[in-house]
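A short write-up of the structure that comes next.
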Ligand code: ASP
């Protein structure tokens, strides 16, 4: 008679079945060799570094956002929860072009875009051109979890928000003096150089927010939220709510969130391309990200954050700077804006 040896993992998961204990199961997930237990990266927009005393304020806010995500992941929470909560926090900070602090469009109002994706199931949800939703990232998650659709836009998305009892605010709630000044400046620039298809302020700090995470259960998630580009046309939708362009997650490869000139990220299906390069070309994550920025996109188009299934983090950009932060289970913790 042979003796059957059980691994620690099998014993723990059997114990969790007997105990009926989901919490115990959460603790029992040990990563395979070479994979980090958890990893998280955040961006607060690409472009020129924020000016003056804005830079330390942006760093402080990113550090706080990172702490929120790190805590969720450390305690065995899901990557989806970490992504949603980090982005909710940044949506409430007027320093970022997402939620409060969103840019002004050409009509002098705000239209917000967001998306979220679950790398385990490929479920995803997004909202586009919403005008009264305080937390577009959470409404995106509800689109993912409570409808059979992926993307709801404008009035329909707002009607859905009411059905879900999601908080709505006046459009003017998103106004900030900072963004009003940027809008005035942008209008003056746009009048000078029209028809290039390129934001004249491509080298300004853009301020969109995004988060990618790997949780202790081996699941990846990604999310992005933005007010779009300053002075954009009424009804213009960028890459942030387009799954495959601004956001993508697949447990087999990576989770990605982009920031920059949205039209470029849509044209080149950037977020999906990072994943596809890993899957088909077997390119390492950082190489895939660097190659897209250098070869497919134009200089100054933006930046990409990504986390691989093994917890590798990539944060790269072709602009002067990108507000960003990262942490993982090996003790890495960083917050940076410039090169
Ligand atoms: N990608 C966003 C958009 O084009 C803007 C940004 O990332 O700052 O709407």
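Read-outs throughout are calculated quantities, based only on the coordinates presented, and are distinct from any laboratory measurement. Predicted model only: the values in this text are computed from it and were never measured. FYI the Cβ positions are ideal-geometry reconstructions off the backbone, even for glycines, and counts take in every protein chain you see.
Scanning the stretch 254-269 for residues that are touching a helix residue (DSSP H, G or I) at 6+ places or on another chain (Cβ under 6 Å) and surrounded by 24 or more Cβ atoms within 10 Å (Cβ to Cβ) gives 254, 256, 258. Being near the ligand (Cβ under 10 Å from one of its atoms), outside any helix (DSSP H, G or I) and under 21 Å from residue 77 (Cβ atoms) is the requirement here; does residue 240 meet it? Against the criterion (near the ligand (Cβ under 10 Å from one of its atoms), outside any helix (DSSP H, G or I) and under 21 Å from residue 77 (Cβ atoms)), residue 240 does not qualify.
For residues in the stretch 33-49 being in contact (Cβ under 8 Å) with a residue 40 or more places away in the chain and surrounded by fewer than 24 Cβ atoms within 10 Å (Cβ to Cβ), which is farthest from the ligand (Cβ to nearest atom)?
Within the stretch 33-49, the match that is farthest from the ligand (Cβ to nearest atom) is 34.
The combined condition, being surrounded by fewer than 24 Cβ atoms within 10 Å (Cβ to Cβ) and in contact with a strand residue (DSSP E or B) (Cβ under 6 Å, 6 or more places away or on another chain), is not fulfilled by residue 310. When the residues of the stretch 208-236 are filtered to those that are buried (at least 21 other Cβ atoms within 10 Å of the Cβ) and over 20 Å from residue 47 (Cα atoms), the one that is nearest to the chain's Cα centre (by Cα) is 222. Could you list, in sequence order, the residues of the stretch 62-77 that are farther than 21 Å from residue 246 by Cβ and either touching a strand residue (DSSP E or B) at 6+ places or on another chain (Cβ under 8 Å) or outside any loop (DSSP other than H, G, I, E, B) (or both)? If the condition is that a residue be farther than 21 Å from residue 246 by Cβ and either touching a strand residue (DSSP E or B) at 6+ places or on another chain (Cβ under 8 Å) or outside any loop (DSSP other than H, G, I, E, B) (or both), then 63, 64, 67, 68, 70, 71, 72, 73, 74 are the ones that fit.
Tell me yes or no: at least one residue of the stretch 184-201 is closer than 25 Å to residue 311 by Cα, in contact with a helix residue (DSSP H, G or I) (Cβ under 7 Å, 6 or more places away or on another chain) and within 14 Å of the ligand (Cβ to nearest atom). No, there is no match, as no residue in the stretch 184-201 is closer than 25 Å to residue 311 by Cα, in contact with a helix residue (DSSP H, G or I) (Cβ under 7 Å, 6 or more places away or on another chain) and within 14 Å of the ligand (Cβ to nearest atom).
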